Protein chains: 2
Amino acid sequence: MRTSRFLLATLREDPSDAEVISQRLMLRAGMISRLAAGIYSWLPLGLRVLRRAERVVREQMDATGAQELLMPAVQPAELWQESARWEKYGPELLRLKDRHQREFCFGPTHEEVITDIVRQKVSSYRQLPACFYQIQTKFRDEIRPRFGLMRAREFLMKDAYSFHRDEASLDDTYQAMHGAYSAIFSRLGLKFRAVAADTGSIGGASSHEFHVLADSGEDAIAYSPGGYAANVELAPAPPAPPRPAPSASRESVRTPGQHSIAEVSAFLNVPPDRIVKTLIVRGADGGLVALLLRGDHELNAVKALRLPQIAQPLQFATPADVRTALGCDFGSVGPVDFPGPVIADHAAAALADFVCGANADGYHLSGVNFGRDLPEPETADIRNVLAGEPAPDGSGPLAIARGIEVGHVFKLGTVYSEKLACTVLDENGRDAVMTMGCYGIGVSRVVAAAVEQNHDARGIVWPQALAPFEVALVPINLHKSPAVAEATETLYAQLTAAGVDVLLDDRPERPGVMFADMDLIGIPHRLVIGERGLKDGLVEYKARRDEEAQNIPLAEATGFIRKALAGV
Amino acid sequence: MRTSRFLLATLREDPSDAEVISQRLMLRAGMISRLAAGIYSWLPLGLRVLRRAERVVREQMDATGAQELLMPAVQPAELWQESARWEKYGPELLRLKDRHQREFCFGPTHEEVITDIVRQKVSSYRQLPACFYQIQTKFRDEIRPRFGLMRAREFLMKDAYSFHRDEASLDDTYQAMHGAYSAIFSRLGLKFRAVAADTGSIGGASSHEFHVLADSGEDAIAYSPGGYAANVELAPAPPAPPRPAPSASRESVRTPGQHSIAEVSAFLNVPPDRIVKTLIVRGADGGLVALLLRGDHELNAVKALRLPQIAQPLQFATPADVRTALGCDFGSVGPVDFPGPVIADHAAAALADFVCGANADGYHLSGVNFGRDLPEPETADIRNVLAGEPAPDGSGPLAIARGIEVGHVFKLGTVYSEKLACTVLDENGRDAVMTMGCYGIGVSRVVAAAVEQNHDARGIVWPQALAPFEVALVPINLHKSPAVAEATETLYAQLTAAGVDVLLDDRPERPGVMFADMDLIGIPHRLVIGERGLKDGLVEYKARRDEEAQNIPLAEATGFIRKALAGV
């Protein structure tokens, strides 16, 4: 392809409204174009990347024996009423009415439609297991669509659904999908982890998320050298050490103006892991609940929400609530004489002689002990694990990484098949409700996550499998030097004949502009042809990830590139 | 692929609600499944066909240098207000509101979005011409979605848009698209014609439709051996012969109970081409207008609507209107003493001594002559051409065929680029409005049209390029005969290794059921393996289009199939 015949719509300046790296770089590189909030067009350059991701996803899904189909974007309300999600789904479901005032939605997911198809078309247990997938445009009406493709409203998704006569069969397909997802992200050249995940509000038995690792990721992942990996939301904290016997006496200490754990720690010269942090949240009965954490630990909201005493969703008490109940500000709250349930994280409950707020502005208590100065608290695991702590399965110390969720595999069980009466005749001629799994990949999100993981100050650094072109061919003075023109055309023809996907930059631009554009759009390999090098039969090669260029013989350039592409 | 691992959802009975052949056969063959009125899922078998059509479309579009992109399905109302189509488009535009009550539509077409992209991303005349296309799901909220995929509400379309600095450049791309469309439908193995078409309400300079020929087509196409082809809506009628001098005297004749041209012709023993048919329509001023046609001719509404005297859209007078104005029923209306404008088709105006209604129930007039018994009428071409009449360009006698419109190429001119201020800087640094073309193919409609054109009593007869599989391999007693099982697996492996797309029917079904299913889904080539033939080293081959099967040596089967696929 030649840039003269291809829409290269790079921008000199960063777009003003971009909030994350992938959005900024993909807009600047002219890969996408914003049509409305959370709604993007894929320009030719970006579409090439999206299609590469799509192809790998399709090949690996096909390899599992999953069958591709294509369901409609527009779905009738009746089906969603059958599954009871029409009311439940909330405003993220884009509801619409046709000209006859019949209700539909723009599908954000297709459990209902596939279950409707399967209940009509699959009748015998002999047809099971069966797994169907599609790669299709979805819409979720996010309240604040942000971060470009990372949280777009209209997006491309691969969604698969499997149907089984029993759990054992579901297990098999679940494992096959887990394997396919690992193959997909490996082939795409992404650093990723599959992690055990919360099954959340969908219910179901088991679930894994696939995260592309990137510092900008919204999720935290805990993993061990021995293979443990879980979303931090889910990773259990290790058992706490036994609590020492009390050795200090309780005292009230003045801590004027000291509110945070760090401030109190410094002021009293007590390490944070000897301080108890008290968080006040709304209880399920409308009252207040105190959650105690060690000063160096953080609350894990997903774990806390498993406590029956806590209101859903998690609501922290307001300053006014706290003043009414305890007579002080947040910075001085503590568990002693707390007028409600007190629930301590195991690690906080293991402390003796600790410091905590005194429920009086400007005061803390020191030398506090459970069972002596306040009742023994109820205990639970309500904190995030920390790097260096042991993995729960004994597979070594945990590390924590940031991740972007790009895939999800899920054992649905019979949630949908029961509601929609999706049954087969079993060996005995009796109706048996099918067991289901579902498996999603945010294909457009994968592309954005790849940029979040692979970029530098000059722009995107595509993994080879996703790059819109494999090689950028940049001639210097193409339109003035016949020697350059001839060498360029010859090399372009050679590379193309060798099956290499080349972008020839034949614009009459300055070299600096061409180099900057090719770096920005992230083509993995670059060849520069100039008169000076040609005199010695040389062209310049540089990998996008490298800082240094090298000269190679023009005559060997095609072979060199083929080896580079093969990773030799 | 094996049927044991593939959703073969054929139906024994015709679906009760199918109105056209393609809908009936594709539902019965389990290629599509209805989700709601005009909204269909593509099941795995059907999707294979759709993807084949899509691939050919994509390859031929790429060959023209058109650049693929992907625009959103959901489009903001603001853009449609800029082009003034938000109000104009009517209820076929599926309008919707997001959670913030902002207005959007589910795109039925993308002129606005592509023009918005190009005005942002293309700034210099040096970047022109440029042509962009996408293959994407569209929605048109048809008032009565019928005929399955032929008039679905949600459908797959290839839409392309080209941008130019002048008409000459538009002409070049228009011709390139015309050529690409011809290549597409040829490669898909369809009998088709490109015809000059009405530019209709979109405006613009020039337009061609591509029709797949099928008896069930909604459109009529006139074409000549010398290459003339036009939608009958548009084909000009040949000049009428000179009118003979009057030779008969006007008489009133009793025609009790004779209303239609055929009845009057038989009753009076006068051929239809000597009778004038009078149609009464609403005039632009609210009054009535008489349109005169020769008895053997049909009104062409598209031509009639070009007359300024006629109300838009065409409205025929009611029986009450006619009785009030003329004092008689439809069957007796005539032009003599008609109280309003009388417009005669050229052929009607060329008649002398003709028969027409007498404006009195049960009476006609004979021996009527223009200029003597009634004023000379205004004349116009308002009829359909007939088979056998000369083509307007002198290229021989016309034939008439029925067609299904599957593609449309259109010179848009500056309709959208002016409204959306889509300009480039020209050589002199001045803003120049771009000239545009647009080019559509209904990809899902192509599949339905292929079925309308290619079927028989047993089911679909896919052209090879569209077939979901190339070969059906049908073993008899696969699960009982080790010899059959071994030969089947060997042949399946051979064919697959040779790159042949085989569907192996390994279900434990009776041969008749398997044969019927393979015929219904329309696989072009069938191989049957049975114990009896195997004893002589033979398998049975039958082409889907043939009635007779033939035995071929098992050892030569793969070579035989490869030759058959190559059309040797």
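The values are calculated or read from the model by the stated rules, or taken from the named source; none is laboratory data. Values in this document were obtained by computation on a predicted structure and should not be read as measured data. Reconstructed Cβ throughout: ideal geometry from the backbone, glycine too, with neighbour counts over all protein chains shown.
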**Asked** Assuming residue B:216 fulfils every condition listed in (1) among the hydroxyl-bearing types (Ser, Thr, Tyr); (2) farther than 15 Å from residue B:363 by Cα; (3) modelled with pLDDT of 95 or more apart from one, which condition is it?
**Response** (3)
**Asked** Scanning segment B:141-156 for residues that are surrounded by 21 or more Cβ atoms within 10 Å (Cβ to Cβ), within 13 Å of another protein chain (Cβ to nearest Cβ) and not acidic (Asp, Glu), which turns out nearest to residue B:14 (Cα to Cα)?
**Response** B:149
**Failed item, numbered, when residue A:287 is tested on (1) over 19 Å from residue A:373 (Cβ atoms); (2) in contact (Cβ under 8 Å) with a residue 12 or more places away in the chain; (3) under 34 Å from the mean Cα position of the chain (by Cα)** = (3)
**Asked** Consider residue B:106 against the criteria (1) buried (at least 18 other Cβ atoms within 10 Å of the Cβ); (2) over 25 Å from the mean Cα position of the chain (by Cα); (3) more than 17 Å from residue B:414 (Cα to Cα); (4) without any contact (Cβ under 8 Å) to a residue 40 or more places away in the chain: it satisfies all of them except one. Which criterion is unmet?
**Response** (2)
**Neighbours by Cβ (under 6 Å, 6+ apart or cross-chain): first from segment A:150-178, closer than 30 Å to residue A:24 by Cα; second part of a helix (DSSP H, G or I)** = A:150/A:448; A:155/A:444; A:156/A:443; A:156/A:444; A:158/A:57; A:158/A:443
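Can you find, within segment A:16-45, the residue that is surrounded by the fewest Cβ atoms within 10 Å (Cβ to Cβ) among those that are more than 8 Å from every other protein chain (Cβ to nearest Cβ) and under 22 Å from residue B:104 (Cβ atoms)?
A:17
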**Asked** From B:403, B:388, B:407, B:394, which residue is under 24 Å from the mean Cα position of the chain (by Cα), assigned to a loop (DSSP other than H, G, I, E, B) and not basic (Lys, Arg)?
**Response** B:388
**Message:** Restricting to segment A:100-149, name every residue that is part of a strand (DSSP E or B), over 17 Å from residue B:39 (Cβ atoms) and hydrophobic (A, V, I, L, M, F, W, C).
**Reply:** A:130, A:131, A:132, A:135
**Item:** Qualifying position, being out of contact with any helix residue (DSSP H, G or I) (no Cβ under 7 Å at 6 or more places or on another chain), closer than 22 Å to residue B:67 by Cβ and free of Cβ contacts under 8 Å to residues at least 24 places away in the same chain, among A:497, A:457, A:493, A:485
**Value:** A:493
**Request:** Filter segment B:347-397 down to residues that are in contact with a Ser or Thr (Cβ under 7 Å, 6 or more places away or on another chain) and surrounded by 19 or more Cβ atoms within 10 Å (Cβ to Cβ), then give me how many there are.
**Result:** 9
**Message:** Can you pull out every residue in segment A:504-525 that is more than 20 Å from residue A:447 (Cα to Cα) and hydrophobic (A, V, I, L, M, F, W, C)?
**Reply:** A:504, A:513, A:514, A:515, A:516
**Index of the failed condition, residue A:91 passing every other in (1) within 11 Å of chain B (Cβ to nearest Cβ); (2) modelled with pLDDT of 95 or more** = (2)
**Complete:** Within segment B:74-126, the count of residues that are touching a strand residue (DSSP E or B) at 6+ places or on another chain (Cβ under 6 Å), farther than 13 Å from residue B:422 by Cβ and among the hydrophobic types (A, V, I, L, M, F, W, C) comes to 8
**Request:** Name, by its number, the condition in (1) within 21 Å of residue B:137 (Cβ to Cβ); (2) not assigned by the TED database to the domain that holds residue B:139 that does not hold for residue B:5.
**Result:** (1)
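Yes or no: residue B:180 buried (at least 19 other Cβ atoms within 10 Å of the Cβ), at pLDDT 95 or above, assigned by the TED database to the domain that holds residue B:226 and in contact with a Cys (Cβ under 8 Å, 6 or more places away or on another chain)?
no
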**Asked** Would it be correct to say that residue A:109 is facing another protein chain (nearest Cβ under 8 Å), out of contact with any helix residue (DSSP H, G or I) (no Cβ under 7 Å at 6 or more places or on another chain) and among the hydroxyl-bearing types (Ser, Thr, Tyr)?
**Response** no
**Asked** Counting only residues that are within 15 Å of residue A:335 (Cα to Cα) and in contact with a Pro (Cβ under 9 Å, 6 or more places away or on another chain), how many does segment A:262-286 have?
**Response** 2
